[in-house]
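Q: Handing you a structure now.
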Amino acid sequence: MKKIIIAVLLVALLAGGAYAYYRFLYVRDARDVYLSIVSAAMLGDEEAFLDGFTKESKPLVGGLLALSRGDDARKSSRHPYYYLVTENIESVEVEGDKAWVKLRRASDQGSQAKYDVPLVRDGNSWKIDALQFTAKERVIQRVR
């Protein structure tokens, strides 16, 4: 009977440790978070799409979604999906609590086709900061 109790306690301890790790310590990769937001947009799940944005930028993106309901997301640059929904990820740069996902739209050509989407760490996840999004490449100030 003691062996069974010890085995049950050991399993409960391991399960509790795994739960605590994934709940409080594990941070998903910025690339994976971005792809899950894109997947939500492609599937038409607006709630999951909006959950991928910071608390401050969520009302802005929600309003843009409401205003652009009749527009084609692939052709209208006013639609929130136009710049964000692409799987062509060039790179992901992480600096502390900020990350930039460098994208290229499949239909665009040339050097102007690349742009960076800013993400900020929000607890144990990454969120898109739409208020910092410029649809351009990030300029890094370097001293020579």
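Q: To the nearest 0.05, how large is the calculated FRET efficiency for residue 97 and residue 8 if R₀ is 41 Å and r is the Cβ-Cβ distance?
A: 0.55
Q: Looking at the square roots a ≥ b ≥ c of the eigenvalues of the Cα gyration tensor of segment 28-132, which shape do they give, rounded for a/c under 1.5, prolate if a/b is larger than b/c, or oblate? If you can, show how the numbers build up before the last one.
A: Working: a/c = 1.74, a/b = 1.12, b/c = 1.56.
Note, shape of segment 28-132 comes out oblate.
Q: Another question about this same structure. Scan the chain and note any complete DSSP helix (H) whose C-alpha atoms cover at least 24 Å along its axis and whose Kyte-Doolittle average is -0.5 or more.
A: Values: long enough: 2-20 (27 Å, 1.91).
Qualifying helices, which must be both long enough and hydrophobic enough, are 2-20.
Q: Shifting gears a bit: So which lysines can residue 102 reach, going by Cα to Cα under 16 Å and dropping same-chain residues fewer than 8 places off?
A: 114, 127, 136
Q: Could you tell me what percent of the DSSP beta bridges with both partners in segment 28-132 are antiparallel, to the nearest 5?
A: About 95 percent, rounded to the nearest 5.
Q: What's the FRET efficiency of residue 135 with residue 39 using the Cβ-Cβ distance as r and R₀ = 25 Å, to the nearest 0.05?
A: Rounded to the nearest 0.05, the efficiency is 0.75.
Q: If you take the beta carbon distance between residue 60 and residue 121 as r and set R0 to 25 Å, what does 1/(1 + (r/R0)^6) give as a FRET efficiency, to the nearest 0.05? Don't skip to the answer; put the middle values down first.
A: Values: r = 20 Å, r/R0 = 0.79.
The computed FRET efficiency comes out at 0.80.
Each reported figure results from applying straightforward, stated rules to the coordinates on display, with no laboratory input. These numbers were taken from a predicted model, which means no experiment stands behind them. Cβ coordinates were reconstructed from backbone atoms using ideal geometry, including for glycine residues, and neighbour counts include every protein chain displayed.
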